[in-house]
Each structure stands twice: as structure tokens, then as C-alpha cells.
Amino acid sequence: MTVRLTQYAHGGGCACKIPPGELEEVVRGLHGPADDLLVGLDSGDDAAVVRLRDGLAVVATTDFFTPVVDDAYDWGRIAAANALSDVYAMGGMPLVALNLLAWPRDVLPLELAAEALRGGYDIARSVGCHVGGGHSVDDVEPKYGMAVTGTADPERLLRNDAGRAGVPLSLTKPLGLGVLNNRHKATGEVFDHAVATMVTLNDTASRAALAAGITCATDVTGFGLLGHACKLARASGVTAVIDAAAVPYLDGARQALRDGYVSGGTERNLDWVRPHTDLTAVDESEALLLADAQTSGGLLLAGEVPGAAVIGELVPRGEHAVVIR
């Protein structure tokens, strides 16, 4: 019997994130001055970074979510790639990961949990990241991800608060993962090109960014391109101008949108960015695609690297954090 894992979850992937506005209220006041904490909660960046000594910092992050696809092995690969991405988004290299597993053991066979863990292991080991165990709980919903520790040069970080006016904005993966995953959850249709995009690691893009002297980046995941661009622009004190026509999308994404496969997470993303974004140049459908909740998306870079689409630029701060043209 084929088990459709996505039917055992109320949502899927990074679309299950708590909306950014609500999350900011939850963590308000949980940060303060710390000399060696180079990146913490202040700017809502992708991972925490602590200086250990000159030339060496530790990068720490965690990410887990409900099934975004029905195949357990692919889900594990996607979840691991997504967790590792937070380290790459800071300009770091992952060193060791710990599994995080929640499983309805009386409902779903443990063999599927083993497949998810195998997928995560294979992705981590493909880039030399050790997997050293982890933690599991009996839960009503299946969830899987990783806590990842890496290293970075504290003088060569990629941060979301380091953007400056006058540089281009680049995107290293196409959008549309959210609507395609939502279609998969609703219909069972399999989109191999979406899976291939989600399991593609951001290691090459991260190294290219560092080689190009880029200092500002974030990964595009559950808050969508608009949400992550807004956080980057606010943290950097600039405005992100995005050319809607230049943003790349996966095949089938626009059709999935037209057919109504929009997640609640995407709608919440758009609601949050509206007060901070000039959307007058696009219609509601285009705005939803720009806010589409991604799972294991690409890097949004303040700069250019080979193979990445240039989708706009950073300009001096204006009335809005993000302007769509």
C-alpha cells in the first residue's frame, strides 16, 4: 500500500511556518548585547553566529517541518537540504547535524521514518557533514529536520543586514515551489523538477557569493521572496526594488496558481508584507507568486554570481521596504 505522507499533516514544508509578524512578537525581547554573538535575533537572520577566535566562528541553526512530498526518502532529502541552507546562507560550511524526528508511531510505519532519516543522511554526507544522532518524539503529525552546526570566517559572513544601495539583487533558484507542493498535496501529482530544485544544495551559490566579495544574503524559504526581501531591506536600511518580469518560476507554477493551489502560508506572507511593499505594478495573482512560501529555496544575494537571475537592485531607503516594478 502506498502511503501519502502529505495527508497526515495540516500543511506542508516551510508553508507551516508561523507568520513573520506573529513570530516577531513571540521573540521580541529575547536578545541583547553579547560581544561574541555576531548574529543573533536582532535582524531575523538565517542562523546564529558566535565568534570563537580570530578567523573562526561557529554557525548554528535548526529547521524541521511536516511532509512536503509523499515519498519519505525525498522528504528527508528536502528537509536536510533546507536545514543545511541556513548555514550556507551565512557563508558557512556545515560540520555536523543532529536529526529531529516527530512520528505518529501508532499510525505510520517506522520504516517510513527510517526512509526519511536515510534521505537526510545522504544529503548531509554528500557535502561532508557528519550526522551524529538526534532526538525523536511520538507525535500526532510526522515532522523531520535537522539541527546543524557549521563554521565560518567571522570576517567573511553573508548577513541580511549588510546590504547597501547601488548593488543588484540576484536569485539562485526559481520560485513556484509552494504552489507546486500544494498541488502535489491536493492531487498526488508528482513534480520531479520541483523535487530536484528542493534537494539542490546552496553550497555552490554560497561559495560563489563569497568569492565575489558579496556580504549580504538570505535564503528564500517559508516567508516567500517578498517576505525575505522585506526582512533583508529592513535590516539593511535600504529598499529592495524587484523587477517582477525578471523573477524566474518553475514550469507549472503559474498554472498551479490559476488552478487555486495557494497555501495559507503564502496568503499570510502577502498579508504581512502589504504595509511594507509597493505592489501597485502587479495584480493579486503576481503578488501571490512573489509571496509564495518556498521550501528549500535559493539564495537572495545582494550582488551577482554566475547562473543566478538578476531580479532587481537595492536603492536608498524610501517609503517602502520593497517596491515591485
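Tell me, yes or no, whether the range 254-277 has at least one residue that is within 27 Å of ALA162 (Cβ to Cβ), outside any helix (DSSP H, G or I) and either modelled with pLDDT of 95 or more or out of contact with any helix residue (DSSP H, G or I) (no Cβ under 8 Å at 6 or more places or on another chain) (or both). Yes, the range 254-277 contains at least one residue that is within 27 Å of ALA162 (Cβ to Cβ), outside any helix (DSSP H, G or I) and either modelled with pLDDT of 95 or more or out of contact with any helix residue (DSSP H, G or I) (no Cβ under 8 Å at 6 or more places or on another chain) (or both).
Restricting attention to the range 61-77, the residues being within 16 Å of SER136 (Cβ to Cβ), among the aromatic types (Phe, Trp, Tyr) and surrounded by fewer than 24 Cβ atoms within 10 Å (Cβ to Cβ) number 1. Candidates GLY237, GLY264, GLY260: the one that is over 20 Å from the mean Cα position of the chain (by Cα), under 24 Å from THR66 (Cα atoms) and surrounded by fewer than 22 Cβ atoms within 10 Å (Cβ to Cβ) is GLY260. In the range 46-59, the residues that are over 10 Å from ASP153 (Cα atoms) form Cβ pairs under 7 Å with partners that are acidic (Asp, Glu) and assigned to a strand (DSSP E or B), at six or more places apart or across chains, as follows: ASP46/ASP219.
Scanning the range 117-145 for residues that are under 19 Å from the mean Cα position of the chain (by Cα) and part of a helix (DSSP H, G or I) yields GLY119, GLY120, ILE123, ALA124.
Being assigned to a helix (DSSP H, G or I), basic (Lys, Arg) and either touching a Ser or Thr at 6+ places or on another chain (Cβ under 7 Å) or without any contact (Cβ under 8 Å) to a residue 60 or more places away in the chain (or both) is a property that does not hold for ARG105.
Note on the range 162-209: residues that are of a type in the set (A, V, I, L, M) and more than 19 Å from the chain's Cα centre (by Cα) total 4.
The values are calculated or read from the model by the stated rules, or taken from the named source; none is laboratory data. From a predicted model like this one, the values you see are computed outputs, not experimental measurements. Glycine also receives a Cβ, built like all others from the backbone with ideal geometry; neighbour counts cover every protein chain displayed.
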